[in-house]
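Reviewing the structure listed below.
What follows draws every value from the coordinates through simple rules; no lab data is involved. Values in this document were obtained by computation on a predicted structure and should not be read as measured data. In this analysis, Cβ positions are derived from the backbone assuming ideal geometry, glycine residues included, and neighbour counts consider all displayed protein chains.
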Amino acid sequence: MVAWWNSLPPTVQVWLGGILKASFILVWGLLNFAICLMLERKLSAWIQNRVGPWRVGLWGWIQPIADLIKLWVKEYIQPNNVDRWLYLIAPFIGFISANLVWLIVPFGDKLIATDLEIGIIFIAAVTGYDVIATFMAGWGSNNKYSLLGAMRGAAQMISYEITMVMSVIGVVMMAGSLKLSDIVLAQQERGFLGWFLFPQVIGFIVYLIASLAELNRAPFDLAEAEQELVAGHHTEYSGMRWAMFMLAEYIHLAAWSAIAATLFLGGWSGPTLGQVAAGLGNVLNGFGAFVNPVGSAVLNWGLAVSGSTVLNWIAGVFWLVLKTYFFVFLAMWIRWTLPRVRIDQLMDLGWKFLLPVSLFNIFLTGTLRYVAVAFDGLPISIGSFTMRLLGWWL
Amino acid sequence: MGVTNFVGEAWRTGKSIVTGMKITFQEMMFRPAITVFYPDVRDEVPPWFRGIPVLKTDLRTGEYKCTSCLQCAQACPVNVITIEWHQDPETKKKVNDRFAIDMSRCMLCNFCVEACPFDSLVMGYDYELSKVDPENLVFEFEDLLRLGLKYSKAEDPGPKASRSTTPPWVFHELTNATEDDIQDVHGYLGRPPLPKGYQPELKPQFRKQEEAPEAKPAAEAATKPEAKAEAKPAAESEAKAEAKPESKPAAEPGSTDGEGAGQP
């Protein structure tokens with residue numbers, strides 16, 4: 001198989017591989033959509049003491065397929081006086097931008113569709129398409145509700161994009177790379193307790209809030225505020241075009257969750273015995289700042305146990321999906337708990353709180369890293385625990 | 001948001017968010033769903049439930065309690081109650097010819113029940129009233145009596161029987177009707193549901209003039225044998241006695257008929 005693949009000319013390899021990867025990403029995205037949709041309906045039902053969809057399949061679990069079939073065969077209504085091209089292609093641009101994020105998510109060691117050097121910048125760039133899709137839909141629909149929703153959505157997404165990128169910069173500083181696979185490998189070397197969640201907890205919280213706003217999810221779903229604007233930017237859509245917005249929303253949610261898991265929770269490296277041992281050894285060693293024999297022994301044993309094999313690929317996918325759906329669950333839990341904020345509160349939160357906090361996080365990370373690097377290599381025989389903690393930022 | 005408040009605000013926000021999410025988590029995990037799987041499982045309706053207004057029967061005598069006083073038709077805010085009656089010349093009492101409630105427009109407001117001076121109407125518990133053909137939503141006298149049988153009871157006919165101070169909507173609870181009570185001992189109540197395409201038998205005043213003579217005596221003989229028996233001795237000859245019921249339908253439409261209060 002490998003020999004046959006290597007025998008192919010490079011052009012064929014690129015095109016065939018690209019088609020295979022794209023098909024996989026598309027199917028994976030649709031699968032995630034079905035699971036997320038069902039999860040959302042079930043979770044909202046359980047929170048509200050209902051049972052949710054029940055009739056289609058066992059406990060209603062194949063309801064999304066029935067929904068998609070219904071939307072597929074549904075009448076497609078196009079209002080008069082729409083800006084035709086904008087109106088027609090907006091849902092698909094949103095759908096594509098949601099799927100593109102999945103391209104750079106590492107499912108395992110080298111198990112990644114496109115290992116871009118500028119992964120995080122790519123995420124920010126692709127999210128820009130989502131803003132464009134929202135605004136195209138709102139402008140093209142020739143409807144005041146759509147336009148209002150699109151205005152809000154565009155303002156909100158552009159504001160929170162800055163905050164989101166700023167909150168990730170701390171992680172980039174610690175990993176020293178924008179490449180997502182490098183970030184995961186850096187976390188794997190650091191071990192369980194060294195995952196960027198712990199030293200970058202401020203960045204993590206800011207990232208969570210900002211990505212909720214970025215995804216237009218409650219409590220920041222101002223773009224499609226049902227009580228004020230009928231459905232926001234997709235008021236005038238029906239049938240499969242409306243479903244494209246829904247697909248984009250849930251695929252985006254799952255993709256963002258996967259990115260969050262990659263950046264902060266160690267990606268495909270799970271809290272296995274080896275990872276926990278490596279993390280413990282790193283803490284004892286002060287993450288290299290205060291190396292001692294016990295810590296080194298634990299660390300080496302842990303790293304030896306968590307080797308990279310084919311079995312680890314399956315485990316890696318498992319852990320990544322688990323972490324992804326933890327974040328999906330968190331987003332849904334937040335959605336069905338918190339009320340929607342006003343537009344001015346949203347802007348206040350974004351510009352006056354989250355952006356300063358993320359900037360402070362960058363400053364803090366840089367300072368601590370500087371101090372830790374300065375201490376690194378100093379012959380301090382009695383490394384206090386606080387000093388060892390400083391190594392967390394190393 | 002001042003600088004001094006910066007951390008405090010954030011702390012309070014986070015605390016309230018965590019509190020709220022704890023509550024929803026408890027609801028999600030530890031509270032069972034309260035959903036009733038309706039077509040499979042039917043929840044019991046509360047005692048104050050207002051379904052279709054139905055007519056009660058006195059199970060002791062088997063007579064309906066409605067006196068065609070038109071109070072309910074007057075009280076009805078949406079004019080869905082149609083009552084037609086004629087006066088029985090023998091007893092000088094009103095005889096109900098038609099009592100119809102158009103359930104397609106009834107708003108179940110309970111006003112007719114409150115207006116009824118003889119405790120004849122009651123808001124039933126039946127709520128699955130949808131029909132394929134909306135014309136079938138007009139519930140006629142027989143339908144209402146049949147639905148009202150389970151709220152009827154054998155009452156002691158006292159002077160206070162019709163002047164009860166108890167609000168009419170409590171009668172659901174007070175009904176002592178047993179299985180024995182709800183039996184059609186008199187033979188004219190509780191017929192089975194109408195078959196498809198059923199044409200109800202026209203009341204005498206709606207029949208054509210040539211049909212009336214042969215149909216009327218049969219109906220009179222069936223429903224009022226004692227009235228006829230009383231009339232016979234009073235009348236000298238047989239021919240006069242036979243002519244008397246025949247003359248009634250001719251006289252009625254002009255005089256007492258057509259009290260269709262609240263025509264839709």
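Here are the numbers for this structure:
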| item | result |
| --- | --- |
| Dimensionless Rg ratio for the stretch A:16-83, taking C-alpha atoms and the 2.2 N^0.38 Å reference | 1.51 |
| The stretch A:198-241-the stretch A:52-88 distance, computed between alpha-carbon centres (Å) | 21 Å |
| Built amide H within the under 5 Å cut-off of B:Ser68, gap 5+ | none |
| Sparsely packed trypsin sites (Lys or Arg not before Pro) within the stretch B:1-60, loop by DSSP, other Cβ within 10 Å at most 12 | B:Arg42 |
| Inverse of mean 1/r across different Cα pairs in the stretch A:309-362, Kirkwood, Å | 14.2 Å |
| Shielding by partners, peptide B:9-16 (average Cβ within 10 angstrom, other chains) | 1 |
| Residue-averaged 222 nm ellipticity for chain A, from DSSP H runs of 4+ at -39500 (n - 2.57), nearest 500 | -22500 deg cm²/dmol |
| Virtual spin-label span in nm between A:Leu58 and A:Phe24, 7 Å along Cα→Cβ | 2.9 nm |
| Helix A:10-47 axis, angle to chain A major axis (alpha carbon atoms, nearest 10°) | 80 degrees |
| Amide H contacts under 5 Å for B:Gln87, placed H, 5+ residues apart | B:Val95 |
| Per-peptide average of other Cβ atoms within 10 Å, ordering B:26-39, B:77-90 highest first | B:77-90, B:26-39 |
| Ranked list, fewest to most other Cβ atoms within 10 Å of each Cβ, for B:Ser120, A:Ser358 | A:Ser358, B:Ser120 |
| Gyration tensor (alpha-carbon) shape descriptor, the stretch A:124-254, a/c threshold 1.5 | prolate |
| Chymotrypsin sites (Phe, Trp or Tyr not before Pro) within the stretch A:37-89, DSSP loop, no more than 14 other Cβ atoms inside 10 Å | A:Tyr76 |
| Taking B:Leu144, A:Leu111 and counting other C-beta atoms within 10 Å, the order from fewest to most | A:Leu111, B:Leu144 |
| Max mean-square fluctuation residue, GNM over chain A, Cα-Cα springs under 10 Å, options A:Leu71, A:Leu247, A:Leu265 | A:Leu71 |
| C-alpha long axis of helix A:180-190 to longest principal axis of chain A, angle in ° | 40 degrees |
| Cα-Cα pairs of the stretch A:2-393 separated by more than 41 Å (percent) | 20 percent |
| In the stretch A:1-78, the trypsin sites (Lys or Arg not before Pro) that fall in loop regions by DSSP, at most 16 other Cβ within 10 Å | A:Arg50, A:Arg55, A:Lys74 |
| Inter-label distance for A:Glu117 and B:Glu9, nm, one decimal - labels placed 7 Å from Cα along Cα-to-Cβ | 4.2 nm |
| Inter-label distance for A:Phe326 and B:Ala33, nm, one decimal - labels placed 7 Å from Cα along Cα-to-Cβ | 2.8 nm |
| The stretch A:67-192, Cα convex hull volume normalised per residue, Å³ | 144 Å³ |
| Proximal charge balance of A:Leu229 [Cβ under 11 Å; K/R count +1, D/E count -1] | -2 |
| HN-Hα J in Hz across the stretch B:82-97 - Karplus 6.51, -1.76, 1.60, θ = phi - 60°, x for Gly and Pro | 10, 10, 10, 8, 9, 8, 6, x, 6, 8, 6, 9, 6, 10, 6, 9 |
